[in-house]
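Notes follow the structure.
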């Protein structure tokens with residue numbers, strides 16, 4: 001069960017590190033959920049933006065567990081939105 005809901009994170013077509021904006025997400029147990037209309041891709045780890053991985057795809061209203069110092073997200077379609085819940 002989530003203990004803290006963080007601000008929704010806007011997702012674009014460029015890889016963005018969610019932990020830069022939501023610093024309390026870094027290295028914390030969390031669930032990230034795609035609450036936008038576009039497919040979102042998630043990559044955990046790596047100090048730089050992914051260059052070889054397309055990431056874990058999250059369809060609308062799907063989620064995944066994360067715990068990493070860097071969590072990268074992007075979308076291939078229109079801008080999306082990611083809900084973040086600390087566990």
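Of everything in region 51-71, what is assigned to a strand (DSSP E or B) and within 11 Å of residue 32 (Cβ to Cβ)? Give them in sequence order.
Kept after step one, since they are assigned to a strand (DSSP E or B), are these residues of region 51-71: 56-58, 63-66, 71.
Those that are assigned to a strand (DSSP E or B) and within 11 Å of residue 32 (Cβ to Cβ): 56, 58, 63, 64, 65, 66, 71.
Restricting region 73-87 to residues that are farther than 24 Å from residue 3 by Cβ and under 11 Å from the mean Cα position of the chain (by Cα), which is surrounded by the most Cβ atoms within 10 Å (Cβ to Cβ)?
Residue satisfying both the conditions and the ranking: 80.
What number of residues within region 15-38 are in a loop (DSSP other than H, G, I, E, B) and modelled with pLDDT of 95 or more?
7
Only one of these is surrounded by 17 or more Cβ atoms within 10 Å (Cβ to Cβ), over 9 Å from the mean Cα position of the chain (by Cα) and within 16 Å of residue 86 (Cα to Cα): 25, 58. Name it.
Just a single option satisfies the conditions, and that option is 25.
Kindly list, by first and then second residue, each pair from a residue in region 22-51 that is at positive phi and without any contact (Cβ under 8 Å) to a residue 60 or more places away in the chain to a residue that is surrounded by fewer than 16 Cβ atoms within 10 Å (Cβ to Cβ) and part of a loop (DSSP other than H, G, I, E, B), limited to pairs with Cβ atoms under 7 Å and residues at least 6 apart or on different chains.
Hits for this filter: 27/67; 27/69.
The values are calculated or read from the model by the stated rules, or taken from the named source; none is laboratory data. Computed from a predicted model, the values in this text were never measured in an experiment. All Cβ positions, glycine included, derive from the backbone under ideal geometry; neighbour counts span all protein chains shown.
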